[in-house]
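Laboratory data are not the source of any read-out in this text; all were calculated from the coordinates shown. This structure is a prediction, so every number in the text was calculated from the model and none was measured. Note that each Cβ is placed from the backbone with ideal geometry, even for glycine, and that neighbours are counted across all protein chains shown.
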Amino acid sequence: MRRLFDEELADLDASFTEMGMLVSETIGKAVTSFINHDRQTAQEIIDNDSQINQREVVLEKKTFEMIALYQPVTIDLREIVTVLKAVSELERMGDHARDVAEATIRVKGTKRSASIEKNIAQMGELSKTMVKEILSVYVKDDAQGASEIAKQNQAVTDMAHQVRNDVITQIEDDAKLATSGTDYLMVAGHLKRISDYVTNIAEWIVYKRTGKIVDLNSGSSSFI
């Protein structure tokens, strides 16, 4: 029974990691399509959003089945609970990537700002990197590494504030930027939320490793 449990747990971890890599890739594509004004790629992201949702459903079902069948305790139960909670965070990240893609379609044809889009591109790159890094520390069961990744959340917040300030300043100078400026604010908000969800996963990794519930978001100020 123990061998079967370990095998299923390994499969669960692998499926979770695959879902995370898909989400990270989707975030990268969404930001790139927004910066490049690529409506075709943006539409593909929107059309394929169900793939991430389906993976979440499958993984959640698997965790419930394992809890019912094996009735795990202590570290084994914490590992399953961590996957259950973390897949929900990944699915929300996928939703925000889809929202960025939808903004790409809306903003096409409006007046743009190269400097603001440069900052958004940097936000997107950091957010995507945080997702990839959190998957790595999950596999390594590295609570300290998870805490370190969570600290990057403040950098994303700072970038979001910079985008907001730049949007306000540039709209004051040129009212034609009002339409795209609204979407810049929305996209920055989506990327900020993605980094928040990475931090949530980091908290679950700490829980998995130590059994302690921690708040790693307390040092990061809100974007709104």
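Annotations for the structure displayed:
- 16 Å reach of a label modelled at A175, 7 Å along Cα-to-Cβ, counting backbone N of the range 107-129: 111
- The listed peptides 54-61, 71-78, 203-210, ordered by packing as a protection proxy, come out as 203-210, 54-61, 71-78 (highest mean of other Cβ atoms within 10 Å first).
- Reach of K151 by Cα under 17 Å, taken over aspartates and glutamates that are not fewer than 8 positions away in the same chain: E125, E133, D142, D196, E203, D215
- Mean separation of Cα contacts under 8 Å, 6 or more apart, over the residue count of the range 94-195: relative contact order %: 48 percent
- For the range 1-120, averaging the sequence separation of C-alpha pairs within contact (under 8 Å, six or more residues apart) and dividing by the residue count gives a relative contact order of 41 percent.
- Tensor-based shape of the range 119-162 (alpha-carbon gyration tensor, a/c under 1.5 rounded, otherwise prolate or oblate): oblate
- With 28 Å as the limit on Cα-Cα distance, the pairs of K128/K176; K85/K128; K132/K176 that go past it are K128/K176; K132/K176.
- Based on every Cα atom in the range 126-224, Rg and the maximum pairwise Cα distance Dmax equal 16.1, 53 Å.
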